[in-house]
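A.B. asks: Sharing a structure here in structure tokens format.
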Amino acid sequence: MLPACGDNMAAPVRIILEFGGGAELLFDGMKKHHVTLAGQEQPWDIKQLLVWIQRNLLKERPELFVQGDSVRPGILVLINDADWELMGELEYQLQDQDNIVFISTLHGG
Amino acid sequence: MCQVDEEYHDHITRHDAPRASTSCVKCKEACAAVVVRVGDAYCRICFKEFFTHKFRAMLGKTRLVFPGEKVLLAVSGGPSSSSMLALVQEGLSQKAHKKLRFTPGIVYIDEGGAVGLSMEERQKTVTLLQTVFKDTGFPFYIVPLEQVLDLPTSVLVAMPPSHRPSDTYKAAVHHFLQSDSSVCVTSAEQENMASVETSHTLALQRVLSSAQTLTARDELLSTLRQHLLVHKARTEGYSKLMMGDSCTRLAVKLLTSISLGRGAQVAQDTGFSDSRYGDIITVRPMRDYTAKEIAFYNHLFNVSSVATPTLDTKAGDKASIQRLTESFVTKLQVNFPSTVSTIYRTSEKLQTTHRNTPPNQNRDTPPDQHGDACLLCMCTMDASAEKASAFQATLISEELSVLKLHDAPTPNQQRSASVAPCSSSDCGRETNDGRCCSSDQDAAVTDFRALLCYSCQRTVKEMSSVKSLPLYIQSEAQLRHRRIQMKEQIHDFLLEDDDDDDDD
């Protein structure tokens, strides 16, 4: 899908975020988060989502969750129960009701 | 121009399209969900098949776990061991294609005390796991790590295998099938965790905090955990201990072990089976799975795992050697997806040659083994390097620097404390004194270190005092030390009792 040009604002996106494998420890132990991303000109992608998470959800130690633009190596991302490698990784554009899961495979979370 | 453009367009779409909606490489129909290796995308169903098949294949190929054998699954609640539990459960169920035929039990070691969790938090985790364990129907044991303080010294001694290692797999299977019929499955469920006294928790914390670096603390914790697991397996009559180390974990462990100076023990530390305890054989059936596969399996098929904080939770990359190695491997893995498998394949090929192994058959008598096994990790000693080695050079330079610091203790006492025979009157005193014959603390440490392999020496060196180690380790150390001394005292009177055991 090409980014919509012009002035039509995309509608807010409601998504479900899940954290597992110890990653939830960085989010006060909360595993599941229902969030609504405000509508903006360009559709939301994973890259923007990561920035949003860092600003709004992450409680501590951001370097343990994100590194550079992407997630920290060792943290898996699943988009609607599929590997994000199949979905375009950081460029994937979020749809309404998407389910994004982050699982840490690192020892001790 | 237009045509050229179109051609390009074609090219690009053809290259990019498969990424978005790849179909499974196996059934070629369903939509792919997991990328197992680069380019190998599996759908849900094929992935499950692939995953469960691998477990059965691993056990079938290695032919080490016999039908009817009692196998203790060490489940920490983490993804890998939870997945192992689910696989065993699946494999034993009636609908399994090729049924597994061993008798499993579960052990969970509650390390909350070591990490500093409150009693409520620990109880919460235990309750969560209990429901999981109860669903399996297997007997389970929930053991607080504090029990390690009350272990008997026999944990540190390798026992002879409970049954003769049979020549053929068939004979072994027969043996187990026969003994199985008589043993009825006792559902000895220890539902409630034995109550833990606060004083015990504090004592355990003291043991761990006496190690100054996280690296040493981590090593110490895993040593204690291992001892407790082996003890539990022995007392409950299990002959195999299944650990859930994944391929990724083992790749990290391999590099960590080498950095920690455990090169000689790496093969045992990371191989499929490990027989250092003699009667209890550790097997690692999950060593073919990457952490990613496990995480996907658990997520897609609702295998619940409980995340419990470990010593290095939320620690930075450089907090310990273990942590640093892990981040090195996972970072490399991002751009070079075959990193883990390359390390892992290497580890498969490693073998330790036992230089000191006497060729005679006497090895199964426990007293013979005390000399060549490390007190802590129970691996073959490697510290007896030749004179002109880097190890000796380090020792000498260490000796010299210690000398400069104290200038009081004579170098002789330092170096040959373990060799120098002491007068018999001193030896008699040592039992009530609780220390080896020389009253000098340094000498006691040196004596103690002589019983350890190189890597465990490093770990102990990080500890403020040898005395903070649990009692069973200290008393076994004294016992071994006394035995060595006695051997030296009577050495002159012995008739050729050297390594080459020529029958008199």
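A.B. asks: Not counting ligands, DNA or RNA, and with a 1.4 Å probe, what is B:Met159's accessible surface area in Å² rounded to the nearest 10?
C.D. replies: 60
A.B. asks: Let me ask you something else. When Lys and Arg each count +1 and Asp and Glu each count -1, what net charge do the other residues less than 13 Å away from B:Ile281, Cβ to Cβ, add up to?
C.D. replies: Working: positive: B:Arg63, B:Lys70, B:Arg234, B:Lys240, B:Arg276, B:Arg284; negative: B:Glu69, B:Asp274, B:Asp279.
Surrounding charge for B:Ile281 is +3.
A.B. asks: May I ask you to list the trypsin sites (Lys or Arg not before Pro) in the range B:49-132 that are in a DSSP loop and have at most 12 other Cβ atoms within 10 Å of their Cβ? Provide the component values of the computation, followed by the final result.
C.D. replies: Numbers: sites: B:Lys54, B:Arg56, B:Lys61, B:Arg63, B:Lys70, B:Lys95, B:Lys98, B:Lys99, B:Arg101, B:Arg122, B:Lys124; in loops: B:Arg63, B:Lys95, B:Lys98, B:Lys99, B:Arg101.
Listed in order of number, the matching sites are B:Arg63, B:Lys95, B:Lys98, B:Lys99.
A.B. asks: Skip the ligands, DNA and RNA, and give the accessible area per residue of the range A:13-104 with a 1.4 Å probe, whole Å². Could the numbers behind the result be given before it?
C.D. replies: Values: 4000 Å² over 92 residues.
That works out to 43 Å² for each residue.
A.B. asks: For the range B:99-111, what does the Karplus curve 6.51 cos²θ - 1.76 cosθ + 1.60, with θ = phi - 60°, yield as ³J(HN,Hα) per residue in whole Hz, taken in order and with x for Gly and Pro?
C.D. replies: Residue by residue, the range B:99-111 yields 5, 7, 10, 8, 9, x, x, 10, 10, 10, 9, 8, 9 Hz.
A.B. asks: Long-range amide H contacts for B:Met381: which residues qualify at under 5 Å (H placed 1.01 Å from N, peptide plane, sequence gap of 5 or more or a different chain)?
C.D. replies: Answer set, sorted by chain and number: B:Ala373, B:Cys374.
A.B. asks: Quick one: 3J(HN,Hα) in Hz for the range B:466-476, Karplus 6.51/-1.76/1.60 with θ = phi - 60°, rounded, Gly and Pro as x.
C.D. replies: Along the range B:466-476, the couplings run 5, 5, 7, 5, x, 4, 4, 6, 5, 6, 5 Hz.
A.B. asks: On to the next question. Excluding B:Ala295 itself, calculate the net charge of residues whose Cβ lies under 13 Å from the Cβ of B:Ala295, where each Lys or Arg counts +1 and each Asp or Glu counts -1. Don't jump to the answer; show the numbers that get you there.
C.D. replies: Values: positive: B:Arg249, B:Lys292; negative: A:Glu18, A:Asp81, A:Asp83, B:Glu293.
Taking every other residue near B:Ala295 into account, the sum is -2.
A.B. asks: While we're on this one: Using only protein heavy atoms and a 1.4 Å probe, how much accessible area in total is buried between A and B, to the nearest 100 Å²?
C.D. replies: On the way: alone 6550 and 27080 Å², together 31180 Å².
Using a 1.4 Å probe on protein heavy atoms, the buried area is about 2400 Å².
A.B. asks: If you don't mind, there's one more thing I want to ask. May I ask you to list the trypsin sites (Lys or Arg not before Pro) in the range A:9-109 that are in a DSSP loop and have at most 14 other Cβ atoms within 10 Å of their Cβ? Can you show the working numbers first?
C.D. replies: Working: sites: A:Arg14, A:Lys31, A:Lys32, A:Lys47, A:Arg55, A:Lys59; in loops: A:Lys31, A:Lys59.
Answer in residue order: A:Lys31, A:Lys59.
A.B. asks: Taking H as built 1.01 Å from N, whose amide H comes closer than 5 Å to the amide H of A:Asp83, not counting residues under 5 places away?
C.D. replies: The answer is B:Val34, B:Val35.
A.B. asks: State to the nearest 20 debye the size of the charge dipole of the range A:70-109 about its Cα centre, where the only charges are +1 on K and R beta carbons and -1 on D and E beta carbons.
C.D. replies: With Lys and Arg at +1 and Asp and Glu at -1, about 260 debye.
A.B. asks: A follow-up question, please. Using the Karplus curve 6.51 cos²θ - 1.76 cosθ + 1.60 with θ = phi - 60°, what ³J(HN,Hα) values do you get for each residue of the range B:143-157, in whole Hz, with x for Gly and Pro?
C.D. replies: With coefficients 6.51, -1.76 and 1.60, one gets 10, x, 4, 4, 4, 4, 6, 9, 5, x, 5, 4, 4, 8, 10 Hz.
A.B. asks: If you don't mind, another one. Kindly provide the Kirkwood hydrodynamic radius of chain A in Å, to one decimal, from all pairs of distinct alpha carbon atoms. It would help to have the intermediate numbers written out before the result.
C.D. replies: Working: mean 1/r = 0.0700 Å⁻¹.
When all Cα pairs of chain A are included, the Kirkwood radius is 14.3 Å.
A.B. asks: Of all GluC sites (Glu not before Pro) in the range A:20-77, which ones are in loop regions per DSSP and have a Cβ with at most 16 other Cβ atoms within 10 Å?
C.D. replies: On the way: sites: A:Glu24, A:Glu41, A:Glu60, A:Glu63; in loops: A:Glu41, A:Glu60.
Passing both the DSSP loop test and the Cβ count: A:Glu41, A:Glu60.
A.B. asks: Could I ask something else about it? Hey, got the average number of other protein chain Cβ atoms within 10 angstrom for residues in B:309-317? Numbers along the way, then the final one.
C.D. replies: On the way: counts 4, 4, 2, 4, 7, 8, 3, 3, 3.
Other-chain Cβ atoms within 10 Å of each residue's Cβ, averaged: 4.
A.B. asks: For B:Leu241, enumerate residues with amide H under 5 Å from its amide H, sequence gap 5+ or separate chain, H modeled in the peptide plane.
C.D. replies: Amide H neighbours of B:Leu241, under 5 Å, 5+ apart: B:Leu72, B:Ile281, B:Thr282, B:Val283.
A.B. asks: Quick one: putting +1 on the C-beta of Lys and Arg, -1 on the C-beta of Asp and Glu, what dipole do you get for chain A around its Cα centre, in Debye to the nearest 20?
C.D. replies: Working: 8 positive and 16 negative charges, 83 e Å.
Computed charge dipole of chain A: roughly 400 debye.
The values are calculated or read from the model by the stated rules, or taken from the named source; none is laboratory data. Quantities reported herein were computed from a predicted structural model and do not represent experimental measurements. Cβ coordinates were reconstructed from backbone atoms using ideal geometry, including for glycine residues, and neighbour counts include every protein chain displayed. Side chains included, ligands, DNA and RNA excluded: accessible areas come from the protein's heavy atoms. Shrake-Rupley method; radii C 1.70, N 1.55, O 1.52, S 1.80 Å.
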